[in-house]
Amino acid sequence: MVCLLGGIHLLALAVFPGGHALVTKVTGTLMQVIGGLIVLHSVDGNLGLFRKQTLISLIKVWLSDFPMIRRSSFVSQKVTAYAKASARGSVSIKRTWHTPEERLVNIERQIEELDSNLRSHETATEQLIAQVQSEFSSSMNLTRRDLHLLSEQLQKATVGGFKQQAFGVLLAIYGAVISVFV
């Protein structure tokens with residue numbers, strides 16, 4: 001591409017043989033401007049990849065936030081609060097037993113209650129563990145997806161944008177060299 005632009009420069013020199021200095025300066029200036037615009041276009045593409053904004057929108061925001069221009073502003077706030085509470089409890093009434101058989105029946109009943117409570121607590125704990133595992137798994141999947149997207153964007157910005165930026169810089173260098181040394 002640089003060779004094509006060099007050929008166009010030589011063609012312009014052949015078409016305008018008397019204006020060698022003017023053609024060279026105009027060509028050098030155009031190459032520098034075109035190279036700078038190509039680099040800006042590449043930077044704009046990289047901004048779009050990561051920030052989902054263009055260079056023009058960033059400049060508009062910067063100009064709208066300029067401190068010399070006073071604008072009235074209205075601030076509103078919304079507060080939302082949620083509360084959740086849960087509790088489990090059990091109540092037992094102790095009686096005085098008169099015979100050892102009544103006391104034995106009472107102890108067996110208490111053992112059955114404890115066993116039932118233990119099983120319900122175990123089931124609730126297992127359900128909570130399963131819920132936490134499920135939330136963790138979905139969170140890990142979302143993180144993997146986001147990391148993959150970020151990796152693709154970074155690769156596109158570094159590899160894809162480099163060629164365009166290098167070409168723009170080469171054009172700017174070519175324009176500077178021909179405007180000074182030719």
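The values are calculated or read from the model by the stated rules, or taken from the named source; none is laboratory data. What you are looking at is a predicted structure, and each value in this text was computed from that prediction instead of being measured. Using ideal geometry, Cβ is built from the backbone for each residue, glycine included, and neighbour counts are taken over all protein chains shown. Areas reflect the complete protein model, heavy atoms only, side chains present, ligands, DNA and RNA absent. Shrake-Rupley method; radii C 1.70, N 1.55, O 1.52, S 1.80 Å.
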Can you confirm whether segment 117-130 contains a residue that is among the β-branched types (V, I, T), open to solvent by 80 Å² or more (accessible area, probe 1.4 Å) and either farther than 30 Å from S42 by Cβ or not in a helix (DSSP H, G or I) (or both)?
-> yes
Hey, any hits in segment 28-44 for a residue that's open to solvent by 60 Å² or more (accessible area, probe 1.4 Å), modelled with pLDDT under 80, outside any helix (DSSP H, G or I) and touching a helix residue (DSSP H, G or I) at 6+ places or on another chain (Cβ under 8 Å)?
-> no
Among the residues of segment 144-158, the number that are within 29 Å of D44 (Cβ to Cβ) and modelled with pLDDT of 85 or more is 5
